[in-house]
Structure formats: structure tokens, C-alpha cells
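Encoded as C-alpha cells, the structure appears first; notes follow it.
The values are calculated or read from the model by the stated rules, or taken from the named source; none is laboratory data. Since this is a predicted model, take the numbers as computed values, not measurements. So basically every Cβ, Gly included, is an ideal-geometry build from the backbone, and we count neighbours across all protein chains shown. What goes into the accessible areas is simple: the full protein's heavy atoms, side chains included, and nothing from ligands, DNA or RNA. Shrake-Rupley method; radii C 1.70, N 1.55, O 1.52, S 1.80 Å.
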Amino acid sequence: MQAEIITIGDELLIGQVVDTNSAWLGRTLGEDGIKVTQITSVQDDADQIARAVNEALARVSIVLVTGGLGPTRDDITKHTLAELFGMRLVRDEQVYETVRRQLAVRGIAFNELNRGQALVPDGCTVLPNRNGTAPGMWFERGGKILVSMPGVPFEMKALVTDEVLPRLRTHFSLHANVHRTAITFGLAESILAERIAPWEAALPANLRLAYLPSALCIRLRLSAYETDPEKARSEIGRQFDRLTGLIPHYLVGYGDDTLESVTGSLLRSRGETLATAESCTGGNIAHRFTAMPGASDYFLGGVVAYSNEVKTALLGVDPDSLNRYGAVSRSVAEQMAEGVRRATGATYGISTTGIAGPTGGTPGKPVGTVWMAVATPEGVHSRCMVFGSVRAQNIERSSSNCINLLRLQLLGFGEPPLSDNI
């Protein structure tokens with residue numbers, strides 16, 4: 001079963017808003033055996049919308065449209081689709097009352113533009129939107145389906161989950177696809193591929209492996225298409241168990257797991273706590289932990305010790321060490337980690353100090369040089385890594401590798417060979 005996605009909005013085409021809807025839809029539809037074959041973005045123009053819809057319906061059985069359903073006059077998707085399908089707009093009383101109640105709760109006046117949101121094409125099926133004022137709309141023509149939904153991501157996702165997918169499953173005979181993704185960190189893609197080559201070669205014929213590299217990790221996705229879901233999930237689980245034995249240091253988790261979510265879960269399960277002392281990462285590590293719900297279970301706090309004076313005053317770093325070795329050194333990183341652990345009473349303290357760039361490097365300490373440390377109840381572990389010359393990348397890589405250093409300590413793995421890390 002094939003589908004196309006059409007996203008509508010000038011803001012998408014000028015780069016003001018990033019289209020995350022299509023990525024989510026592609027992943028979600030794929031799990032139900034619906035393959036997205038094309039994604040089209042068009043501006044808020046009736047002719048372009050109509051052309052894109054007609055072309056998509058000529059190619060595939062399912063077309064999902066997002067955007068252009070708000071209360072303002074530039075939201076023309078509903079009017080365009082009504083004309084395209086030969087329907088007239090009529091007031092839907094249920095939508096009318098839903099919009100009125102939602103605005104009343106928020107203290108917003110119910111004006112003519114809001115009343116217009118209750119107008120729907122008379123031949124479509126209205127899909128209630130529990131998170132917003134613009135309903136979804138389900139159209140059928142010649143055995144094909146077009147669904148129009150708001151562009152606001154959390155509204156669209158709820159509509160797809162609650163209304164669209166259950167209807168598609170009933171309307172079409174769908175064959176499930178099963179995907180599961182392992183998250184790895186610490187090996188470059190070429191080294192990872194070489195390391196797991198025997199495992200990849202021995203995969204069953206019905207499983208396909210995809211490498212999905214990003215700045216923060218490499219994902220390994222195993223997929224089974226048009227299959228018995230339970231059998232496929234069981235087989236994929238067995239294969240990933242085998243993979244764990246090959247790369248135990250580097251397999252972080254699965255699905256939406258991240259270095260910080262896995263590390264946070266380890267701390268929570270052990271009843272242990274963490275504090276951070278950051279220089280070159282500027283609080284990014286603390287942000288990554290505190291962005292997750294429930295981080296207060298294990299995260300006590302952090303210090304952004306950017307200047308030498310703050311390193312000394314708040315973390316107890318020895319001024320003589322700063323003068324003798326410099327701020328970017330093993331000694332200072334270890335004292336920072338110990339200092340924040342001591343100051344907060346945390347079980348673990350982690351630290352970063354480095355040269356994020358693009359300036360500030362020397363022949364002995366080039367841009368991208370970062371020292372990081374983990375202070376534990378048993379002692380301090382530290383390491384130096386050299387990244388590149390791009391500041392934003394250095395901050396993210398430093399943050400990830402520092403979190404990973406803690407993760408490895410929590411798992412009792414110690415440290416992988418330095419040459420393996422990225």
C-alpha cells in the first residue's frame with residue numbers, strides 16, 4: 001500500500017519552519033505496512049494545492065495533507081479541497097461547539113474567523129481534533145483516500161493515532177511491517193560496519209539492515225516487511241541480542257533511547273545522583289539531562305565554570321594547576337569533577353574543559369581538544385579527545401562523550417580504546 005504526503009505552507013518553503021510532520025508520518029505509516037513514496041511541499045496557493053492533490057491521487061491510494069487549516073484568511077486548504085471534490089461548505093454543529101468551548105476555556109473571543117473553522121465540506125467525514133480547533137477531514141474518491149489535517153505536530157499526531165490509522169486499517173487490507181532500531185555510540189560508521197560484518201552476513205533473508213548515521217549516534221534498523229508481527233519482533237529481538245555480544249560497549253539502547261536517557265535510567269535504578277561541572281560545553285550536558293521528565297530523581301545540579309576564577313571559587317580547582325597545566329588539562333578536569341561532586345553531595349560528578357573553537361587553539365592543544373572526567377566514590381576517570389574545528393559540533397560531541405564516559409562507568413565497562421571513539 002502506497003501513500004504520499006503533501007505539506008502546505010509558505011513557512012516550510014522559506015525555511016522558517018522545519019517539516020517534522022513528514023518524518024513522523026513516514027515512520028508511523030511504515031509500521032502499518034503503508035509505504036510513503038513521495039513528499040511534496042507547496043505554498044499557500046489554491047492552484048498549487050489542487051495540482052499536487054490531483055497528481056498524488058493519480059499515483060497512490062492514500063494522500064495525507066497537513067497544513068493550511070487555521071482560522072486566518074491565508075489558510076485556504078479546506079476551501080480548495082471543497083472545490084476540488086465538488087462539495088459546498090456547511091456548518092458542522094459539533095465542530096462549532098468544540099471550537100467555542102475550547103476558546104472559552106482559554107479566554108479567547110469567539111469571532112467570525114473562529115466560526116469559519118466550523119465550516120466543512122458537506123461530503124467529507126469530519127475527524128474530531130481533541131487538541132485544537134481545526135478538525136481533520138476524510139475524503140473518498142474512486143476507492144482512494146485523502147485526509148486533510150492541521151499542520152501543528154501534536155494535533156496532527158493525535159488525529160493520525162486516534163482517527164486516521166484505525167480507519168485506514170478498516171478500509172484497506174494492510175500487511176504489517178516491523179522495524180526496530182538499535183542505538184550505537186562510539187564507533188565511526190566504517191569501523192562499526194567492519195566490526196559487525198559477520199553478524200550482518202548471517203541475518204535471515206527476511207530481515208533488512210539499514211545504517212542511519214547522525215551527529216550524535218549511529219542507528220541500526222532491522223526491518224521485516226509484510227510479515228507476522230509477533231514472529232518478526234521475536235526474530236529481531238534475537239538478532240539484537242547477538243549484536244549486543246559483539247559490541248557491548250557501544251550498544252546504548254533501542255528506539256528513542258539516548259545517551260542521557262539510558263544513563264539517567266541507570267542512575268535512577270541504582271538510587272544514585274549526578275552533578276555536572278562544565279566549561280567548554282556551557283551547560284549543554286545539564287540541559288540534556290534536565291530536558292527529560294523525572295530528571296530530578298537523580299540530577300542534583302550543575303556549575304558552568306567558564307572562567308578560571310569560577311573554577312577556583314566554586315569548584316575548588318587549585319590555581320597552581322591552572323597556571324602549570326592550563327584550564328584544558330587532565331588535572332583541571334579531574335578537580336572540576338571532584339569539586340562539583342563534593343559541593344553537591346552527588347554520587348558522581350562529571351566535567352568538561354576544552355577549546356570549542358573556532359579560535360583559541362595552540363600547536364599543543366588544537367581547537368577541538370577536550371578533557372572530560374568522571375568522579376566516582378572509588379576515584380576519578382578522565383580522558384582527552386580531539387574533535388574538529390566547528391564549535392557547535394565540538395560542544396555536542398564533548399557532551400555526548402562525557403555522558404558516555406559516565407554510562408560506561410555505571411555499566412562497569414571501564415573505557416573502550418581511545419581510537420574507537422568519535
Item to complete: For segment 107-188, with all protein chains present and a 1.4 Å probe, just round the carbon and sulfur fraction of the accessible area to a whole percent.
Response: 52
Response to the item:
Stokes-Einstein D for segment 112-166 (4 °C, 1.567 mPa s, Kirkwood Rh from Cα pairs), in µm²/s, comes to 110
Practice prompt. Along each of the three principal axes of the Cα atoms of segment 56-112, give the extent in whole Å, ordering the values from largest to smallest.
Written response: 45, 21, 21
Response to the item:
Given a Förster distance of 22 Å, the FRET efficiency implied by the Cβ-Cβ spacing of VAL310 and ARG268, rounded to the nearest 0.05, works out to 0.15
Item to complete: Rounded to the nearest 500, what is the 222 nm mean residue ellipticity of the chain from helices alone, with -39500 (n - 2.57) per DSSP H run of 4+ residues and division by all residues?
Response: -12000 deg cm²/dmol
Response to the item:
Applying the span-like rule to the chain (DSSP H, Cα extent along axis at least 18 Å, Kyte-Doolittle mean at least -1.0) gives 46-59, 93-106, 330-344, 391-411
Worksheet entry | Net lengthening on full extension, GLN2/ARG342 (0.36 nm per residue, minus Cα-Cα) | 116.6 nm
Worksheet item: Once amide H atoms are placed 1.01 Å from N in the peptide plane, what residues at a sequence separation of 5 or more from THR273, or on another chain, have their amide H within under 5 Å of its amide H?
Response: THR347, TYR348
Discussion item. List the chymotrypsin sites (Phe, Trp or Tyr not before Pro) within segment 103-158 that DSSP assigns to loop and that have no more than 16 neighbouring Cβ atoms inside 10 Å.
Written reply: PHE110
Worksheet entry | Viscosity 0.890 mPa s, 25 °C: Kirkwood-radius Stokes-Einstein D of the chain over Cα pairs, µm²/s | 99
Item to complete: Would you pull out the residues with amide H under 5 Å of LEU127's amide H, same chain only if 5 or more places away, H placed 1.01 Å from N?
Response: GLY136, MET137, TRP138
Worksheet item: Cα centroid distance between segment 15-35 and segment 119-146, in Å?
Response: 19
Worksheet item: Name the chymotrypsin sites (Phe, Trp or Tyr not before Pro) in segment 187-272 that are in a loop by DSSP and that have at most 11 other C-beta atoms within 10 Å, would you?
Response: none
Worksheet item: Working out 0.36 nm times the residue gap between ASP45 and ASP320, then minus their Cα-Cα distance, what length gain in nm do you get to one decimal?
Response: 92.3 nm
Worksheet item: At a 1.4 Å probe radius, carbon and sulfur cover how many percent of the accessible area of segment 320-397?
Response: 50
Practice prompt. List, in order, the whole-Hz ³J(HN,Hα) value for each residue of segment 378-386 obtained from phi through the Karplus relation with A = 6.51, B = -1.76, C = 1.60 and θ = phi - 60°; use x for Gly and Pro.
Written response: 9, x, 10, 10, 9, 7, 10, 9, 10
Worksheet, complete the sentence: Residue-normalised value, i.e. accessible area per residue, for segment 18-130 at 1.4 Å probe, in Å², stands at 51
Practice prompt. Could you pull out the trypsin sites (Lys or Arg not before Pro) across segment 1-110 that fall in loop regions by DSSP (anything but H, G, I, E, B) with no more than 11 other Cβ atoms inside 10 Å?
Written response: ARG73, ARG88
Item to complete: Express as a percent, rounded to the nearest 5, the fraction of DSSP beta bridges in the chain (both residues included) that run antiparallel.
Response: 60
Discussion item. Could you compute how fast segment 33-174 diffuses translationally, taking Rh as the Kirkwood radius over C-alpha pairs and applying Stokes-Einstein at 37 °C with viscosity 0.692 mPa s? Give it in µm² per second.
Written reply: 211
Discussion item. Over all directions, how big on average is the projection of the convex hull of the alpha-carbon atoms in segment 303-358, in square nanometres?
Written reply: 3.7
Worksheet entry | Linear extension gain, ALA58 paired with HIS175, 0.36 nm per residue minus alpha-carbon span | 39.9 nm
Worksheet, complete the sentence: Check: C-alpha center segment 199-267 vs C-alpha center segment 324-374, spacing in Å is 33
